[in-house]
1. Kindly indicate whether PRO38 is closer than 22 Å to ALA245 by Cβ and over 14 Å from the mean Cα position of the chain (by Cα).
2. Taking ILE68 as the residue in question, decide whether it is under 30 Å from LEU325 (Cβ atoms), among the β-branched types (Val, Ile, Thr) and either at pLDDT 95 or above or in a helix (DSSP H, G or I) (or both).
3. Given the criterion part of a strand (DSSP E or B) and over 20 Å from the mean Cα position of the chain (by Cα), identify the matching residue among VAL124, VAL92.
4. Name the pairs: first residue in the stretch 201-223 and within 19 Å of ALA403 (Cβ to Cβ), second residue of a type in the set (Asp, Glu) and crowded, with 23+ Cβ neighbours inside 10 Å, Cβ to Cβ under 9 Å, at least 6 apart or on different chains?
5. Select from the stretch 79-93 the residues that are surrounded by fewer than 20 Cβ atoms within 10 Å (Cβ to Cβ) and in contact (Cβ under 8 Å) with a residue 60 or more places away in the chain and write down the one among them that is nearest to PRO138 (Cα to Cα).
6. Taking the condition of a type in the set (Lys, Arg) and either surrounded by fewer than 19 Cβ atoms within 10 Å (Cβ to Cβ) or closer than 30 Å to ALA348 by Cα (or both), does ARG224 pass?
7. Quick one: what pairs do we get from the stretch 129-143, first residue of a type in the set (Gly, Ala, Ser), second in a loop (DSSP other than H, G, I, E, B) and surrounded by fewer than 16 Cβ atoms within 10 Å (Cβ to Cβ), C-beta under 9 Å, 6+ apart or different chains?
8. List the pairs whose first member sits in the stretch 45-74 and is of a type in the set (Gly, Ala, Ser), whose second member is outside any helix (DSSP H, G or I), and whose Cβ atoms are under 8 Å apart, counting only residues at least 6 apart or on separate chains?
Amino acid sequence: MRTADAVVIGAGIAGVSVAHQLAARRGMGDVVVVDPRPPLTLTSDKSTECYRNWWPHEPMVGLMNRSIDLLEEFHEESGGAFHLNRRGYLFVTADFVRLAVMQGQADIISSFGAGDARRHPGPVPYGDQPDGVDILDPSELARHFPYITPDAVGAVHVRRAGWFGAQQLGAWMLEEAERHGATRIVDEVVGIDVSGEKVTGVRLASGEAISAPVVVVAAGPMSRRVAAMAGLDLPLRSELHLKVAFRDHLGVIPREAPMVIWSDPQEIDWTDEEREALAEEGRDDLLGPMPIYCHGRPEGGQGSQWFLALWEYHGHVYDDPVYPLPDDPLYPEAVIRGLTRMIPGLSAYRDHLPEARVDGGYYTKTRENRPLVGPAGPDGLYLACAYSGFGVMVACGAADLVADHVTGAPLPDYAPTFLLSRYDDPEYQEEIDRLESGQL
């Protein structure tokens, strides 16, 4: 029987990050990553590859700040291998009431350690900032972002935010982990062995068994099924989220734009004929009020014309993910129409849609949209899952936290928030429905 110091189940960004932490940064000699698929291919490669420290709960701000610290450290260490930028997230609204709410949220989240809240015009000129948030009035918004609709009454620009090449990050971390002794097995875990309330290893579909005192469940959308092998019933659900990349060949959106987010509900301005056709197709989901947070960002370098956009209006939730993904042939047009409310220049594509490519994946998440990170169930079993739509941004920080638990290192103050045992607290159970998800 093969032996290992730790087995990591899953070679997505969650599992690769844990392997990197244990092998490359904590000196664990024999870490084995098991996955039947190529690394970073099930959900990780469907990511929008963004990050932010802007969350409505203090523990999430703390965890994300730690994760971003590590991203910046790894970007330096790798020689810029994954092209980390800090363009920010620009939340835009045409509603004065909504703007007031956003300003209040900015002050609260700032107090959680996300950085200062700056108002413009004001004593501090608008410009590059390492963190915090800039609150822009209409004149400042129009001056710095002239492509945004003149209907906007203001915006909140989150600064410790941006995007990077998640595939490149994952490949670099996996290479570093393997350089420090980690190995990868292309196989499927079909059993987690437990003896006397302690994990003893895993069994593989090939018939092989691996003896190990530490097993980490980092299986993304499959985590619920995998954890059940150790007797755990994880409170997870999987939401379908599509994304569309379209070629902005007219150059409507500047390549240096931040992530732009329309923060108001809206109705798509279909013509009467289009409404009639949609009704006949049974697409009532596109005919009434649509949700907030239609958003997108430039994709690629200065020579690229691609723009990546998302708008979650489907509401498809599954106990276990369904493959192949359900299709929506109207998604590109619906998203571009939604973005046009914020960026009027996109109306140039109304009659002739640009080239578009749709893919997507699942946000496997807890009810309150907080991850599961740390020990659970039998001794030696650890969770690194429920990363929802924030997997690439939280992976480094969550892996760091898992490694703290595994090695007995001092834990940060936010650590208890992400344990599975939080659901044993009746007060927490009552609080769940009042928690904001922070999801876009």
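1. Values: closer than 22 Å to ALA245 by Cβ: yes; over 14 Å from the mean Cα position of the chain (by Cα): yes.
So PRO38 fits the description; yes.
2. Working: under 30 Å from LEU325 (Cβ atoms): yes; among the β-branched types (Val, Ile, Thr): yes; either at pLDDT 95 or above or in a helix (DSSP H, G or I) (or both): yes.
Here the answer is yes, as ILE68 does meet what is asked.
3. Values: VAL124 fails: part of a strand (DSSP E or B).
Just a single option satisfies the conditions, and that option is VAL92.
4. Cβ pairs passing all conditions: ALA219/ASP35.
5. Initial filter on the stretch 79-93 (surrounded by fewer than 20 Cβ atoms within 10 Å (Cβ to Cβ)): 79-81, 83, 85-87.
From what's left, in contact (Cβ under 8 Å) with a residue 60 or more places away in the chain: 81, 83, 85-87.
Values: ALA81: 38, HIS83: 32, ASN85: 26, ARG86: 23, ARG87: 20 Å.
Out of the qualifying residues, it is ARG87.
6. Numbers: of a type in the set (Lys, Arg): yes; either surrounded by fewer than 19 Cβ atoms within 10 Å (Cβ to Cβ) or closer than 30 Å to ALA348 by Cα (or both): no.
Judged against the criteria, ARG224 is not a match.
7. Pairs found: GLY132/ASP116; SER139/PRO121; ALA142/PRO150.
8. Sorted first by the residue in the stretch 45-74, then by its partner, the pairs are SER47/GLY361; GLY62/PRO412; GLY62/ASP413; GLY62/TYR414; SER67/TYR51.
The values are calculated or read from the model by the stated rules, or taken from the named source; none is laboratory data. In this text the structure is predicted, and so the values were computed from the model without any measurement. All Cβ positions, glycine included, derive from the backbone under ideal geometry; neighbour counts span all protein chains shown.
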